[in-house]
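Peer 1: The following block contains the structure, expressed as structure tokens.
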Amino acid sequence: AVAGVAAVGGAAFIGRRPSSPSRVRALLDEARTRMRDDRYGPTDPEILLAEAVRLAPDDADAWGLYALALGDRADKDDVHNASRAAADSETAARRALAIDPGQPDALLARSRLTPLYRNWLARDHDLEAILARHPDHFFTRYERAGLYADTGRVRESSAIHLSLAQAAPASAALAGQAIFWLAQAGRTAEASQLADRALRTFHGAPGLRN
């Protein structure tokens, strides 16, 4: 179970020890990689990020990524736990935005709290606003690729997926998704070429079967 955000934030000020910036950055980097590659296990991203915000309670990036990870958890859990994770995501996003009103992970997490159904245009406006300030923000670009796919803009979705896979060549998951969406868009030659390279690189990793 995920600890309540209020409890995590409050505990950070009780017997608090000086945080190590390198330790916090390492936690953020590992959590970001796990989220990017959709790798969850004994140490889920939100567990790493709960530790990050405990060590650095004034770090907007830590709170923003924590908000996004909790939002991902809300999408995966059963109804009861999802409701709690969504509430915790909103709290973490508010903490991040109080420190840095432009923190992109928090802005995306806040946007995702609104159900996508019948809110496609509003979501796209939110994504456009984030990308205007942070054009390379991975999770916003990924969200837009999914939005385009959901609304029938498959060629545009495939272009984003391919760009994301090229930017993270060590990710089997992103390669697999790019292959899938290139094929869906009718870009079969490119999908085949990417699949050949990916199979040589990753040797049939699970991400290539997405």
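The values are calculated or read from the model by the stated rules, or taken from the named source; none is laboratory data. No experiment lies behind these values; they were computed from the predicted model shown. Every residue, glycine as well, gets a Cβ built from its backbone with ideal geometry; the counts of neighbours run over all protein chains shown. Accessible surface is based on the protein model in full, side chains and every heavy atom, while ligands, DNA and RNA are left aside. Shrake-Rupley method; radii C 1.70, N 1.55, O 1.52, S 1.80 Å.
Peer 1: Kindly state which helices (runs of 4 or more DSSP H) lie completely within region 91-208 and contain at least 1 residues that are of a type outside the set (S, T, N, Q), farther than 25 Å from A74 by Cα and open to solvent by 20 Å² or more (accessible area, probe 1.4 Å).
Peer 2: Here the list reads 120-133, 154-167, 172-184, 188-202.
Peer 1: Please work out which one of (1) crowded, with 16+ Cβ neighbours inside 10 Å; (2) touching a helix residue (DSSP H, G or I) at 6+ places or on another chain (Cβ under 7 Å) is the condition R84 fails and give its number.
Peer 2: Result: R84 passes all but (2).
Peer 1: Step by step: first the residues of region 1-49, then only those that are over 19 Å from the mean Cα position of the chain (by Cα), closer than 19 Å to E90 by Cβ and assigned to a helix (DSSP H, G or I), then the one that is modelled with the lowest pLDDT. Which residue is that?
Peer 2: Filtering region 1-49 for residues that are over 19 Å from the mean Cα position of the chain (by Cα), closer than 19 Å to E90 by Cβ and assigned to a helix (DSSP H, G or I), the one modelled with the lowest pLDDT comes out as G10.
Peer 1: Further, regarding this structure: For a quick check of your reading of the model, give me the residue pairs whose first member lies in region 181-210 and is polar (S, T, N, Q), whose second is modelled with pLDDT under 85 and surrounded by 13 or more Cβ atoms within 10 Å (Cβ to Cβ), with beta-carbon atoms closer than 9 Å and at least 6 apart or on different chains.
Peer 2: Listed pairs, sorted by first residue: N210/D38.
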